[in-house]
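Below is one structure, written out as structure tokens, with a few remarks after it.
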Amino acid sequence: MQAFPSAADCVRLVDSRSDDPRKIRFDAALSLLYGTGCLVSEISDLDAAHVERTERETKVVFKGAPRGPTVARTVALSGKAKQILDRHLDGMSVDPGRLLFVSERGHPLDGGSLNAELARRCAALGFIERLTTSDLRRACVRHCLERGMRPDDLCRVLGLRDVNRVAALGR
């Protein structure tokens, strides 16, 4: 079974502290994946209209999946996740309708490119296990439950309809 990284290790994975816009883009995408438990398909659809920034928090509205149990929801980011996303947004021209996470060729970031970046970061940090974007979602769930978040509240944050799915993700 996959060993889960600590919350501190997850933060190390998503924060490269680079000035390279490509790294900052990956930092922000990976931070959203871990900080919100969202799916790659959800962040690939985000555009400027889905983000509301204030001094204290950044709200992100996920549209939800067209099929399956995911429902639309709004999450508020604060702390490290807010800083990382705001750093990405400050470095790009945020036009309405423009996707927030695109490759250098203008295509939405996909699971393959995000998993490849995670593999590079795991190797650079000396992690024994190679983590995937799915592992970040499961780590988010586990860390939230360990900190005392109620499963029904976490169910809403994740956009799930069935609270039993939260327990399954946290294993």
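Every number in this text was worked out from the coordinates using simple rules, so none of it is lab data. This is a predicted model, so every value here is computed, not measured. Neighbour counts are summed over all protein chains in view; Cβ atoms, including those assigned to glycine, are modelled from backbone coordinates with ideal geometry.
Overview of results
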{"quantity": "Inter-label distance for Glu57 and Leu125, nm, one decimal - labels placed 7 Å from Cα along Cα-to-Cβ", "calculated": "2.6"}
{"quantity": "Residue-averaged 222 nm ellipticity for the chain, from DSSP H runs of 4+ at -39500 (n - 2.57), nearest 500", "calculated": "-15000 deg cm²/dmol"}
{"quantity": "Volume per residue that the Cα convex hull of the chain spans, once the total is divided by residue count, Å³", "calculated": "117"}
{"quantity": "Fraction of the pair-distance distribution of the stretch 121-161 above 17 Å, Cα-Cα pairs, percent", "calculated": "42"}
{"quantity": "Eligible lysines near Lys80 by straight Cα distance, threshold 19 Å, same-chain separation 8 or greater", "calculated": "Lys23, Lys59"}
{"quantity": "Rounded Å value of the spacing that divides the Cα centres of the stretch 46-65 and the stretch 115-133", "calculated": "27"}
{"quantity": "5 angstrom amide H check on Asp47, placed H, neighbours 5+ away", "calculated": "Leu100"}
{"quantity": "Where labels lie 7 Å past Cα in the beta-carbon direction, separation of Ala76 and Ala49 in nm", "calculated": "2.5"}
